[in-house]
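Beneath this line is the structure, given in structure tokens, with notes to follow.
The values are calculated or read from the model by the stated rules, or taken from the named source; none is laboratory data. Computed from a predicted structure; not experimentally measured. Here the Cβ positions follow ideal geometry from the backbone for every residue, glycine too, while neighbour counts run over all protein chains shown.
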Amino acid sequence: MRQEKKTQSRAARPLALTARAIALALDRRAAGNALLGVAALIVGAVCAALAAAAFAFAVSGAGGKAGLAHLCAAALLGAGAQGLEVIKWRLHARAEQALERALTEKLFTAGLNTSAGASVGAQMQALADALVGCRLMFQHGVFTAPSALIGALAAAFVIAAIGHAGLALVIVLFAPAYVAASLVTARRLTVASTRVAAVRLKAAGRFGDGFVNREAINVFMAQGFLAAGLRRALVATERVSNLLSGLRAQASLAAIAVFAAALLTSFWLAWSGAHDESARVRAIVLAQVSLMSLLAPLEFCAQAVRDLIWARALVAPLGWLMGAGEPLAMPAREGEGAAVELDAVTFAYPGRGPILRGASLVVARGQFVGVLGESGAGKSTLLRLVSGALLPQSGRIRFGASANACVRLSAALQEPLLVDDTIAANIAFGRSFNSEEMERAIACAGLERLIAGLPQGLNTRVGERGALLSGGERQRVALARALLKPASLYLLDEATSALDPAAEQEVMARVAKAVRGVSSLLVIAHRASALAGADRIVELRDGVFVESGARLC
């Protein structure tokens, strides 16, 4: 029993976290639109119930002016109910659009600041799924479910007020019974929905892998290999989706059976409880019109229940974005004697032996320290630990700043991130700058000749991932970006590996001259030419740092 409650709690957590995120994302205007929509919903439900009662009186009466008045009232009230329905959905659309914008920004920002091991395609699909799940929760929680409940209560109240308590009871019981029938396959729906969401992410991951790596795929003519993997993922998606749609159909059939039972019961009560022909006709018409008017909102409500199961599966993979996961964290900012210090740091990836084994390293303020090592030695892991993308399993990383100060880091990596924008935009990367700062960064990275030879200069677009530039040019742009940002510690991870040794040595000598004495520089490299001008060179060997004794000038 305890295990079952724990499982239910875990299942409810993604929905609770998402509901909280939705509530926080709604601004005042969107929340106001949502409340006005609910008000229109309530008034519309009352109008619909009164229209049904007026119509029943009209068709069961003796005719004349009274019957015509009832018919006119039924028409006007019905039109009013439909008009309020339009207003409700218009207000709902406004609130939903504002919600979608706010949630998209939240998910994007949270995704950028959180470590995730999935492929880009899978992450994009997960973000899109989460938005769909949030919209379903908002739509059904605020509008669909209340619409059915309020409609049933309004109809029951009107029917009871004109003396048909038995019919009113049937209406009241019909609504929850209809919705409950949609849950007959709830457990299997939950399992199937989770499986569908998972295989959709896998298919999207295959799709994204193909587009991100299309250059290599074309070189190796491996389109068939990637297409085969995508096909398998799509077939699995289709198979599980068919299972899901079958389960939803079974739930719909159960709900239809409840509707038939309620209709038969109401007809029997109307027939047996009436005292004359006119009252019998009025009761039957009223029962039929009331039940039929509730059928659409109740089907929406039953659909809402099934959609919430689906929404739970959609948002579950991104529970960490709603506050269930760990954000990227910076190491401790303390200590006075060093720019950064690793003290007996140990780190291992899951399923692998330790990359760092009690490693210690001190980078003094204003010092240029180079780190050499073979491939797989853990050099890039070192950079990710210092930047805060990873946290050590033991030991500490301390920065040379007071506890209240903000450690300013800047970095350039072997695989530079360039967006499809201009060279200037990729160097600035959202930072404000003056022309002198830009010129210094460009000169230090050795980009003057490239920019001078381009017709549009700094306003030249680089293409997707910098495809219109060479590998060395992309690295120079990324290096200029890193140097444009004022920092107390610069981290370079094979940032000039695409340059030839002579150009690499020249660029790194410029970088060392530009930052030495003002900031510290931690450079990771395979080649000694990348460490020109370093104050110290250490080697990462067997998970620890070993002084190489070399010094290049």
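Remarks
- Residue within the stretch 445-466 that is surrounded by 15 or more Cβ atoms within 10 Å (Cβ to Cβ) and within 13 Å of Ala412 (Cα to Cα) present: yes
- Leu149 modelled with pLDDT under 75 and either of a type in the set (Val, Ile, Thr) or under 30 Å from Leu390 (Cα atoms) (or both): no
- Condition met for Arg474 (modelled with pLDDT under 85 and assigned to a helix (DSSP H, G or I)): no
- Residue check, Ser387 buried (at least 16 other Cβ atoms within 10 Å of the Cβ) and touching a helix residue (DSSP H, G or I) at 6+ places or on another chain (Cβ under 9 Å): no
- Residues of the stretch 414-438 that are assigned to a loop (DSSP other than H, G, I, E, B) and touching a strand residue (DSSP E or B) at 6+ places or on another chain (Cβ under 8 Å): Gln414, Asp420, Asp421.
- Of the residues in the stretch 449-462, at least one is charged (D, E, K, R), assigned to a strand (DSSP E or B) and over 28 Å from Val362 (Cβ atoms).
- Annotation note: Cβ proximity below 9 Å between a residue of the stretch 224-235 that is under 14 Å from Gly121 (Cβ atoms) and a residue that is aliphatic (A, V, I, L, M) and in a helix (DSSP H, G or I) (sequence gap 6+ or interchain) occurs for Leu226/Ile217; Leu230/Ala203; Ala233/Val199; Ala233/Ala203; Ala233/Ala204; Leu234/Val199; Leu234/Ala203.
- Residue selected from the stretch 511-531 under the condition free of Cβ contacts under 8 Å to residues at least 40 places away in the same chain and of a type in the set (D, E, K, R), by the criterion surrounded by the most Cβ atoms within 10 Å (Cβ to Cβ): Arg527
- Inspection of the stretch 172-195 finds no residue satisfying the criterion of being among the basic types (Lys, Arg), at pLDDT 70 or above, within 25 Å of the chain's Cα centre (by Cα) and under 22 Å from Lys88 (Cα atoms).
- Any hit, the stretch 453-460, residues being out of contact with any His (no Cβ under 6 Å at 6 or more places or on another chain), assigned by TED's automatic domain parsing to the domain that holds Arg527, among the aliphatic types (A, V, I, L, M) and under 30 Å from Glu374 (Cα atoms): no
- Pairs, first under 16 Å from Glu473 (Cα atoms) in the stretch 429-455, second outside any helix (DSSP H, G or I) and not aromatic (Phe, Trp, Tyr), C-beta under 6 Å, six or more apart: Leu454/Thr460
- Some residue of the stretch 228-245 being closer than 30 Å to Leu173 by Cα, at pLDDT 80 or above and in a helix (DSSP H, G or I): yes
- In this structure, Ala534 does not qualify as buried (at least 22 other Cβ atoms within 10 Å of the Cβ), farther than 30 Å from Pro354 by Cβ and not polar (S, T, N, Q).
Yes/no matrix, rows are residues, columns are (1) surrounded by 17 or more Cβ atoms within 10 Å (Cβ to Cβ); (2) modelled with pLDDT under 80; (3) assigned by TED's automatic domain parsing to the domain that holds Gly205:
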| residue | (1), (2), (3) |
| --- | --- |
| Phe55 | yes, yes, yes |
| Ser60 | yes, yes, yes |
| Lys65 | no, yes, yes |
| Leu68 | no, yes, yes |
| Cys72 | no, no, yes |
| His92 | yes, yes, yes |
| Glu96 | yes, yes, yes |
| Thr109 | no, yes, yes |
| Ala116 | no, yes, yes |
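- The stretch 452-508 - residue that is more than 37 Å from the chain's Cα centre (by Cα) and of a type in the set (A, V, I, L, M, F, W, C) and, of those, farthest from Asn426 (Cα to Cα): Ala502
- Residue count for the stretch 499-510, restricted to those that are buried (at least 18 other Cβ atoms within 10 Å of the Cβ) and either of a type in the set (Val, Ile, Thr) or part of a loop (DSSP other than H, G, I, E, B) (or both): 2.
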